[in-house]
Amino acid sequence: MKYCSDCGQSIVVQVPEGDHRERYVCAACDVVHYQNPNMVVGTIPLHHDEQGQPKILLAKRGIEPRLGYWTLPAGFLENGETSSEGAVRETLEETCAVVENVAMYRVLNVARTNQIHIFFRADLPLADFTTTPESTEVELFAFEDIPWRQLAFPTVHKTLEDFIDEYHQGQFTAAMFDIDHHSWKVLDI
């Protein structure tokens, strides 16, 4: 940040009075421009096929970062929407799928990238979905067919791993984790 969005004057980096962190501060009007983490919200769309077998809807990314890798439908939360509204919207935008019965499942703190990822369990009653400008492929995967080595992000890997384990146990538990990118590796194809 170089210029104040309030008055257009130059910005300096300093610790404001009463604060303990360096912030972007306007040299002219003293407005403090805080920078806070971005929220990424998405769903784990679960569909049961005609035989009652569970399948999860994944999208192959059509945009960077991690273009060409599989992910759960997710994206940045917009101002004016709740986290669950954003997750439902992102699912629709990336897969054209309509989900129901949305319930908070995982909160993953990714401090290194200044992000918090929130995934919601969601029912996908109809196997009705398609590609969008954000996804080159959209597919339902049986648990044993998930392309683990082609998943885009550590948060998606962790969320799917936990979800499948808890699905088999018959009970879901909402939980929060810190993701350390030094210990979590995204596996390439």
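Bear in mind that the values in this text are calculations on the coordinates, not laboratory data. As the structure is a computational prediction, the values presented were derived from the model and not from experiment. Note: ideal-geometry Cβ built from the backbone for every residue, glycine included; neighbour counts use all protein chains shown.
What is the total of Lys pairs in the chain with C-alpha atoms under 29 Å apart, excluding same-chain pairs fewer than 8 positions apart?
On the way: LYS55/LYS158; LYS55/LYS185; LYS60/LYS158; LYS60/LYS185; LYS158/LYS185.
Here the count comes out as 5.
May I ask for the longest run of the chain untouched by trypsin sites (Lys or Arg not before Pro) that are loop-located per DSSP and have at most 10 neighbouring C-beta atoms (other than their own) within 10 Å?
Working: sites that count: LYS2, ARG21, LYS185.
It runs 22-184.
Taking only DSSP H segments of four or more residues, each worth -39500 (n - 2.57), what value at 222 nm results for the chain once the sum is divided by all its residues, to the nearest 500 deg cm²/dmol? Could the numbers behind the result be given before it?
Working: 2 runs with 29 residues, N = 189.
When only DSSP H runs of four or more count, the value is -5000 deg cm²/dmol.
Excluding ALA142 itself, calculate the net charge of residues whose Cβ lies under 14 Å from the Cβ of ALA142, where each Lys or Arg counts +1 and each Asp or Glu counts -1. Could the numbers behind the result be given before it?
Numbers: positive: LYS55; negative: ASP49, GLU50, GLU139, GLU144, ASP145.
Net charge around ALA142: -4.
Compute the orientation-averaged projected area for segment 38-178 from the convex hull of its Cα atoms and round it to one decimal in nm².
Directional mean of the projected Cα hull area for segment 38-178 stands at 8.0 nm².
List the relative contact order of the chain as a percent without decimals, with contacts defined as Cα pairs under 8 Å and 6+ residues apart.
21 percent.
What list of ³J(HN,Hα) couplings, whole Hz, do you get for segment 68-80 from phi and the Karplus terms 6.51, -1.76, 1.60, once you set θ to phi - 60° and write x for glycine and proline?
So the Karplus estimates, Gly and Pro as x, are x, 9, 7, 8, 6, x, 6, x, 6, 5, 9, 4, x Hz.
What longest range of the chain stays clear of loop-exposed GluC sites (Glu not before Pro) (DSSP non-H/G/I/E/B, at most 12 other C-beta within 10 angstrom)? Provide the component values of the computation, followed by the final result.
Working: sites that count: GLU17, GLU22, GLU50, GLU78.
It runs 79-189.
Nearest 10 degrees, 0 to 90: what angle lies between the long axis of helix 154-169 and the longest principal axis of the chain (Cα atoms)?
40
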